[in-house]
Amino acid sequence: MKLKIIFLALFFCFLTILQWNFFSRLTVFGVVPNVVLIFFCLFSFFEKSQEYSLAKIAVLVGFLVDIFFNNFFGLSAILYLLIYFFIKGSLNFLLDVSKKYSIVYFVLIFSVSLIVHGLFLGIFRHFYSDSSWLIWGSFNGFLIQVVYNLVWSIVFFYLLNLFPSIKKNKI
């Protein structure tokens, strides 16, 4: 269990640096894929229903995002923790998560998480800084952000499903 937490912490540190350096070059209309949020949602989705070990990782990931991406310190940690409990709560109400509809469930849960993430940060920035109320500037930018991240999340979902340990035993 502790080894898993250490591995995930190192993985998300690496992923945050990768997003900052590599994925920032893969922009579409100025939109960068949020791979940290994508993988956090993926790992939360595939975590065993009885485990809550990613709650500690949620706080760490949030602090890393705040440090690297110039957010208000602690805001992303709270937001990632809320997203984590939203995902865990949603999975308790959904039936047949491990079967053929898992991609549909993941896309729905990830879409809501991404929209809440963007709106929460956008509204907070509106009240506490001089930026626009949406994190992406306009409604069109918001839609591009959602669609672009959904495409990346579906690609990573299928890539992650290639590993049998994740498919059968969950994370």
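May I ask you to list the residues in segment 71-101 that are modelled with pLDDT under 80 and basic (Lys, Arg)? Of everything in segment 71-101, those that are modelled with pLDDT under 80 and basic (Lys, Arg) turn out to be Lys99, Lys100.
Note on segment 3-35: among residues that are outside any helix (DSSP H, G or I) and free of Cβ contacts under 8 Å to residues at least 24 places away in the same chain, the one that is most open to solvent (accessible area, probe 1.4 Å) is Phe22. When Ile38 is tested against (1) more than 20 Å from Leu75 (Cα to Cα); (2) open to solvent by less than 50 Å² (accessible area, probe 1.4 Å); (3) not hydroxyl-bearing (Ser, Thr, Tyr), exactly one condition is not met: (1).
Of all residues in segment 118-139, those satisfying the criterion of being at pLDDT 60 or above and of a type in the set (A, V, I, L, M) are Leu119, Leu121, Ile123.
Counting the residues of segment 53-70 that are among the β-branched types (Val, Ile, Thr), under 22 Å from Phe22 (Cα atoms) and either touching a Ser or Thr at 6+ places or on another chain (Cβ under 6 Å) or at pLDDT 85 or above (or both) gives 2.
The values are calculated or read from the model by the stated rules, or taken from the named source; none is laboratory data. On a predicted model such as this, the values are computed, not experimentally measured, just so you know. Note that each Cβ is placed from the backbone with ideal geometry, even for glycine, and that neighbours are counted across all protein chains shown. Side chains included, ligands, DNA and RNA excluded: accessible areas come from the protein's heavy atoms. Shrake-Rupley method; radii C 1.70, N 1.55, O 1.52, S 1.80 Å.
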